[in-house]
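One structure is given here, and the rest of the page talks about it.
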Amino acid sequence: MRALRARLLRPASLIAALIAVALVGRAQDTAGAPASTGGAPDVKPPARKAALAAARNHLGLLSGGDWAAAWDGWSSQAQRQVPRDTYVRTHRICHPLLAVPFETVRAVPLNRRTVEIGWQGGGASGTLRMVSERGEWRVAPAPAQLNPYKNGSGAAVTVLRGRGECDARQAEARRTSSVRRMT
């Protein structure tokens, strides 16, 4: 558990430049504090802040290319659906927003255990659903986000290319470069 926490709390300087998907912990909310637009009133501000901090850390890991540590921050349900090695292999080939700075733009509590975080960066935007699990805030990808991985990393790369989230030329160059280094 300490090793996981140590990886998740790496200084921003180790995560050279930022990504999906992602953002260094130093990125700041555009409003200066998490915004709530009609969210659940029973979510205390410290919980929103903790969810926002975990989301920023996750985005920073993605931006820095630490796919394994990013997967480690997923909810247990998501981890059961997508094997770690499938996720890591996919994103070693296909990582369109690597080294892109990300910014969180909102934090909307949905209930006591769930906060939706909006992010943007590198011409992309999206949301992360954060869930409180055993006292920690974790990323809970939507089923549509997990579907590409169900048939392995090769199929996931194909799906991501089809969505325009993975440039085929860059992916091929990365694959060829990896093969050259291994031989």
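The values are calculated or read from the model by the stated rules, or taken from the named source; none is laboratory data. Fair warning: this is a prediction, and the values are worked out from it, not measured in the lab. Here the Cβ is made from the backbone with ideal geometry for all residues, glycine too, and neighbour counts use every protein chain on show. All accessible areas refer to the heavy atoms of the entire protein, side chains included, with ligands and DNA or RNA removed. Shrake-Rupley method; radii C 1.70, N 1.55, O 1.52, S 1.80 Å.
Restricting the first member to segment 109-129 and to residues that are part of a loop (DSSP other than H, G, I, E, B), and the second to residues that are open to solvent by less than 70 Å² (accessible area, probe 1.4 Å) and of a type in the set (S, T, N, Q), the beta-carbon pairs closer than 6 Å and six or more apart or on different chains are Arg113/Ser132. If you filter segment 101-148 down to residues that are of a type in the set (S, T, N, Q) and more than 15 Å from Gln81 (Cβ to Cβ), you find that the one that is least open to solvent (accessible area, probe 1.4 Å) is Thr104.
When segment 74-98 is limited to residues that are open to solvent by 50 Å² or more (accessible area, probe 1.4 Å) and closer than 18 Å to Ala55 by Cα, the one that is farthest from the chain's Cα centre (by Cα) turns out to be Gln77.
Each residue in segment 110-148 was checked for being of a type in the set (Gly, Ala, Ser) and at pLDDT 95 or above, and 3 pass. For segment 108-126, residues that are more than 14 Å from Val139 (Cβ to Cβ) and hydrophobic (A, V, I, L, M, F, W, C) total 3. Among the residues of this structure, Asp66 does not count as one that is surrounded by 14 or more Cβ atoms within 10 Å (Cβ to Cβ), modelled with pLDDT of 95 or more and not aliphatic (A, V, I, L, M). Residues that are under 15 Å from Glu133 (Cα atoms) and either at pLDDT 90 or above or not β-branched (Val, Ile, Thr) (or both) occur at least once in segment 80-89.
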